[in-house]
Amino acid sequence: MKNISRRRFDCLVIGAGGGGLRAALQLAHGEAHVAVVSKVFPTRSHTVAAQGGINAALGNVLPDNWHWHMYDTVKGGDYLGDQDAIEYMCRAASQLVIELEHYGVPFTRLENGRIYQRAFGGQSQNFGGEQAMRTCPAADRTGHAMLHTLYQQNLKARTHFFDEFFVIDLLMDKDGYALGALVLEIETGEPLIIEAKTTLIATGGAARLYRTTTNALINTGDGMAMALRAGVPLQDMEFVQFHPTGIAGIGILISEGVRGEGGYLINSAGERFMERYAPHAKDLASRDVVSRAIYQEVHEGRGCGPKKDYVLLKLDHLGADLIKKRLPGIRELAMRFAHADPIEKPVPVSPTAHYTMGGIPTNRFAQVVAPVQTGPEEAIPGLYAVGECACVSVHGANRLGGNSLLDIIVFGRAAGNHMLEYIKENRHQRPLAQENIEHALERLTRWDKKGGSESVDQVNQDLRLVMEEHCGVFRTQEVLDAGIKKVTELQRRLEQATLRDHSKIFNTARIEAFETENLMDIALATVYSAAARQESRGAHSRLDYPERDDIRWLKHTLYSRAGNKLDYKPVRMKPMTVESFPPKKRVY
Ligand SMILES: Cc1cc2nc3c(=O)[nH]c(=O)nc-3n(C[C@H](O)[C@H](O)[C@H](O)COP(=O)(O)OP(=O)(O)OC[C@H]3O[C@@H](n4cnc5c(N)ncnc54)[C@H](O)[C@@H]3O)c2cc1C
């Protein structure tokens, strides 16, 4: 291969979603020379799709404080979250939401000019009491507003962007230091080496693993797979969130904000069935609880439609004015994709894959911590991760709505701060030897040589179906073990696969192949971790082990790619300054 161009920066940020952009802004404000690489134009990153809002205990509508928010987050995650990180996030929330407002996010307002706050699932006042209202929206396009604002702030701060560049792999040296990444310019197909003293992975989630999903084509878990290939294990990958209200048969999200504004679910008998499953919180119980309830209604024959396979989300009683003002995007989606104007009739919904709770293990400074070369729970020098690709872990076994936009802002800033400290102490770029880029180069070129008969696209589609059938909302040992076999077979088929037209390989086809390889690694991590965890906790629901088992399973899973090995580490139960919330029965 001819000489590859090189660029050098203090900091490389992989991903231009909310997590990457918030970190980059902190770095640029700290006078670091920072590059952001994104496979799509930054404002097309998936943060743009976030609808309902971001959580902060501002107390603008009802009384609130961060300690109640912390309690709800610990309980929502079914006690698997690390309580130091949760305290850090909930304490920082109000300040950082106000900061976003000052950057220019056009939050929806109350009459008195303060930020409006809506109710979301799993929120309470006074440690499990009445419903709280903690989610700050910009109508139902909060992610759009946040992403555009952060992008503009980065342009102003002179962050350097590599738009539509695909990261192939991390570059690590033999001492375990992160030295940057090998990337591919999508338009030209030219490779580029970006060297950096610190590298942040902010590549988003992997819910494209499933056939029915709220996630866009780009959410293929690339950063998680890169970390796995670099020898970093992935944490808690069995915990995949299925959002209860995707448009039936399509999966496109209808925000929890709809239920927060007073919408509710009904079955074929017109019954508001959540009253039976969660008598107190009803439709605003946590997402895992509501998704399971919908499946149970359908399973017991109370579903709607010709196949009785969905339920209805009713909001016509909210009135046209409120729907047009606070939920305009939802109305548009429902009319376009479900042919139902929610002002007039209910919207058909069913659970859809939505969010990856697991990911690259980090501490609350966003440093990647892993037992790689450097020993147990050591930070990998120069390597950071933030956002949906990371597992810090604030969401534990089930994320609360509104907490992900908060996670990316809080830990994006934390990552930026720590990276600035790191480059102050490590002023010189470590040398990058040819041997450090060999594995990434091998990956870059191997699709050009392939000649097998399988189609990458077909393998990709089959994988998403297998994951839906074998690692969905309800799981058993038998079904999961069969899933492991099927995914392993698909991995073998992928090795035999070829790009569609071998005489003329388009970069988009190569990118799809890289993404499918990444998805395959994430699928194995997910299904192996799910088969190992013999209990039900949060989003991981085992029909053969229906109870949570704190004696055996109050611990994080760590999946390593080499030999599909599983390890475990304790949950950090000790918060930073307050008393911990010990596990108790989780009822809503
Ligand atoms: C429909 C929907 C609605 C949601 N609503 C809410 C909500 O109301 N409130 C809330 O808190 N959360 C919500 N969420 C969740 C939340 O939006 C996401 O978890 C969060 O925005 C993820 O941000 P991120 O920065 O981690 O990643 P993303 O925004 O997904 O960005 C990932 C970035 O990585 C880049 N990238 C990935 N792979 C590569 C590669 N190989 N090379 C180069 N670049 C790469 C992408 O181009 C992109 O720039 C919602 C999610 C969905 C799907």
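Every number in this text was worked out from the coordinates using simple rules, so none of it is lab data. Note that the coordinates shown come from a computational prediction; the quantities given were computed from them, not determined experimentally. Neighbour counts run over all protein chains shown; Cβ positions are idealised from the backbone, glycine included.
P(r) tail for region 440-548: Cα pairs beyond 17 Å make up 56% of the total.
In this simple spin-label approximation, D321 and D341 carry label points 7 Å from Cα along the Cα→Cβ vector, and these lie 1.9 nm apart. Electrostatic bookkeeping for F120 treats Lys and Arg as +1 and Asp and Glu as -1; over the other residues with beta carbon under 9 Å from its beta carbon, the sum is +2. Taking GluC sites (Glu not before Pro) across region 226-306, the ones in a DSSP loop with at most 14 further Cβ atoms lying within 10 angstrom of their Cβ are E271, E300.
Over all other residues within a Cβ to Cβ distance under 12 Å of H160, the charged ones net out to +1, with Lys and Arg as +1 and Asp and Glu as -1. Divide the volume of the convex hull around the Cα atoms of region 283-330 by the residue count and you get 107 Å³ per residue. Placing unit charges on the Cβ atoms of the charged side chains and taking the dipole of the chain about its Cα centre, the candidate lying farthest along the positive direction among T108, P279, L432 is T108.
In sequence order, region 565-574 has phi-based couplings of 8, 10, 9, 9, 9, x, 6, 7, 7, 8 Hz under the Karplus curve 6.51 cos²θ - 1.76 cosθ + 1.60, θ = phi - 60°, and Gly or Pro positions carry x. The peptide list 184-193, 87-96, put in order of mean Cβ contacts within 10 Å with the highest first, becomes 87-96, 184-193. Note on region 338-489: the C-alpha convex hull projects to 15.3 nm² when averaged across all orientations. Contact order, relative form, for region 242-353: 39 percent (alpha carbon pairs under 8 Å, 6 or more residues apart, mean separation divided by residue count). Against the longest alpha carbon principal axis of the chain, how many degrees, from 0 to 90 and to the nearest 10, is the axis of helix 66-76 turned? It is inclined by approximately 90 degrees.
Ranking of S455, S541 by neighbouring Cβ atoms within 10 Å, starting from the fewest: S455, S541. Listed by chain and number, the lysines whose C-alpha is less than 21 Å from the C-alpha of K307, apart from same-chain residues fewer than 8 away, are K345. The protection proxy used here, the mean number of other Cβ atoms lying within 10 Å of each residue, ranks peptides 194-207, 564-577 as follows, highest first: 194-207, 564-577.
Mean separation of Cα pairs under 8 Å and 6 or more residues apart, divided by the residue count, gives region 526-588 a relative contact order of 22 percent. Radius of gyration over Kirkwood radius for the chain, both on Cα atoms: the Rg/Rh ratio is 0.95.
Computed over region 242-353, the quotient of the alpha carbon radius of gyration and 2.2 N^0.38 Å is 0.96. Dipole size of the chain about its Cα centre, with +1 on Lys/Arg Cβ and -1 on Asp/Glu Cβ: approximately 400 debye, rounded to the nearest 20.
When you restrict to C-alpha pairs under 8 Å that are six or more residues apart and normalise by the size of the chain, the relative contact order lands at 21 percent. Think of the chain as a dipole: +1 on every Lys or Arg Cβ, -1 on every Asp or Glu Cβ, centred on the Cα centre; then among H67, A530, I360, H67 lies furthest on the positive end.
Of interest is the spacing of the C-alpha centroids, which for region 419-465 and region 109-171 amounts to 30 Å. Restriction of the trypsin sites (Lys or Arg not before Pro) in region 338-423 to DSSP coil positions whose beta-carbon has at most 11 other beta-carbons within 10 angstrom yields no sites.
Protection proxy ranking, highest mean first, for peptides 315-325, 49-59: 49-59, 315-325, where packing is the per-residue count of other beta-carbon atoms within 10 Å, averaged.
Magnitude of the charge dipole for region 242-353, about its Cα centre and with charges confined to Cβ atoms of Lys, Arg (+1) and Asp, Glu (-1), is about 60 debye. Dipole orientation for the chain: of the candidates A497, A340, T214, A340 has the Cα lying most toward the positive pole (charges on Cβ; Lys, Arg +1; Asp, Glu -1). Hydrodynamic estimate: the Kirkwood radius of region 197-247 over Cα pairs, inserted into Stokes-Einstein at 4 °C and 1.567 mPa s, corresponds to D of 104 µm²/s.
Shown here are the Rg and Dmax of the Cα trace of region 129-230, at 17.7, 57 Å. In the structure shown, do any of K75/K569; K424/K555; K197/K486; K39/K197; K39/K574; K325/K584 have a Cα-Cα gap over 31 Å, and if so which? The pairs that break the limit, which is 31 Å between Cα atoms, are K424/K555; K197/K486; K39/K574; K325/K584. Expressed as a whole percent, the proportion of Cα-Cα pairs in region 42-143 lying more than 15 Å apart is 62%.
Hey, how many Å between the Cα centroid of region 520-583 and the Cα centroid of region 345-396? Taking the Cα centre of region 345-396 as reference, the centre of region 520-583 is 13 Å away.
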